Structure formats: structure tokens, C-alpha cells
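First comes the structure, then the notes that go with it.
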Amino acid sequence: MSETMTDTEFLKLKIEILMGQLKYYVTVVPLSVSQEEGGTFSLRVVCPHCRKEMEYRNYSLPNANIFNVITYCRNCRRRFFMVSRAYSCLMKAALLVLAAMPMVLKLKLFEYMEKLKPWLIKKLMSGKGNMSKIKKMLFP
Ligand SMILES: [Zn+2]
């Protein structure tokens with residue numbers, strides 16, 4: 001991969017970064033998620049930093065059941081991720097599985113995922129209505 005790192009060392013670094021993200025990202029599950037007119041969503045959350053309760057409106061969520069959107073607190077200006085309960089559970093389960101998995105298996109899994117990624121991206125882009133959702137998210 002580079003002049004000083006082997007492909008395996010680079011993959012180990014990617015795994016370490018992913019596990020760090022799963023472990024240390026500041027996330028909050030909204031108190032409520034409701035759909036507004038026009039298909040956007042309103043999310044009521046308590047800031048994980050200053051504990052102030054706020055409502056964020058006009059959010060475009062591709063899926064109301066599984067989402068991960070970055071935002072910042074209007075009170076303390078610190079950043080956090082609003083995640084659905086299902087997303088939070090999946091990430092905690094993934095972290096537990098990865099933490100218990102020997103490095104040899106993690107490397108095999110990530111090598112497989114690297115090969116799967118182009119197929120998955122192509123599948124997501126070609127799904128019915130997905131391109132318009134992605135365009136709407138990028139250019140509201
Ligand atoms: Zn705050």
C-alpha cells in the first residue's frame with residue numbers, strides 16, 4: 001500500500017480506525033422521530049454534551065428506521081450523531097463481534113468487504129428511486 005506499510009498492516013489500521021469510530025463516536029437516539037409534510041422528518045433529541053433538549057426539523061432521512069446523521073448542538077455547538085435505535089443496536093453488536101473476533105478473522109472479513117464494496121455501491125445506486133433520494137440528500 002505504501003513504502004513503509006504492507007497491505008496487511010494498512011488493513012489492520014483501517015480495522016483499528018473503524019473500531020475506534022464504533023466505540024467513541026458520540027451518538028444519541030432521538031426521543032421522537034416524526035414525518036412532516038413534504039416527506040422530511042422532525043427529530044427531538046437531548047444533546048449528549050450539555051443535556052439540552054432540542055428539535056431538529058426538515059431532515060431528509062433515506063430510511064426512518066435505520067439512519068445516522070451528523071448534527072451539532074445549537075446550545076453548546078458540539079458535534080454529535082443522531083442515530084436510530086436499530087442503528088445504535090447494530091453498531092453495538094458489530095463492536096462486540098469485532099472485539100471478540102481474532103485478528104486473522106477480522107482481516108479475512110475486511111478483505112471480503114473490500115471486494116464486496118464496489119458491488120454494494122453499484123447495487124445501492126441502481127436501486128429503484130435511490131438515485132433521486134441520494135440527489136435530494138446532496139442537493140436539497
Ligand atoms: Zn449541547
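A few notes on this one:
- Flag for residue 75 being within 16 Å of the ligand (Cβ to nearest atom), exposed (fewer than 14 other Cβ atoms within 10 Å of the Cβ) and among the polar types (S, T, N, Q): yes
Residue-by-condition table, conditions (1) within 16 Å of residue 18 (Cβ to Cβ); (2) among the basic types (Lys, Arg); (3) surrounded by 12 or more Cβ atoms within 10 Å (Cβ to Cβ):
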residue: 35; (1), (2), (3): no, no, no
residue: 56; (1), (2), (3): no, no, yes
residue: 81; (1), (2), (3): yes, no, yes
residue: 85; (1), (2), (3): no, yes, yes
residue: 95; (1), (2), (3): yes, no, yes
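- Qualifying residue in the stretch 38-49 (condition: assigned to a helix (DSSP H, G or I), more than 22 Å from residue 10 (Cα to Cα), away from the ligand (no atom under 16 Å from the Cβ) and out of contact with any Cys (no Cβ under 8 Å at 6 or more places or on another chain)): yes
- In the stretch 1-45, the residues that are among the acidic types (Asp, Glu) and within 18 Å of the chain's Cα centre (by Cα): 16
Since every read-out is calculated from the coordinates, none of them should be taken as a lab result. As the structure is a computational prediction, the values presented were derived from the model and not from experiment. When we count neighbours, we look across all protein chains shown, and the Cβ atoms used for this are built from the backbone with ideal geometry, even at glycine.
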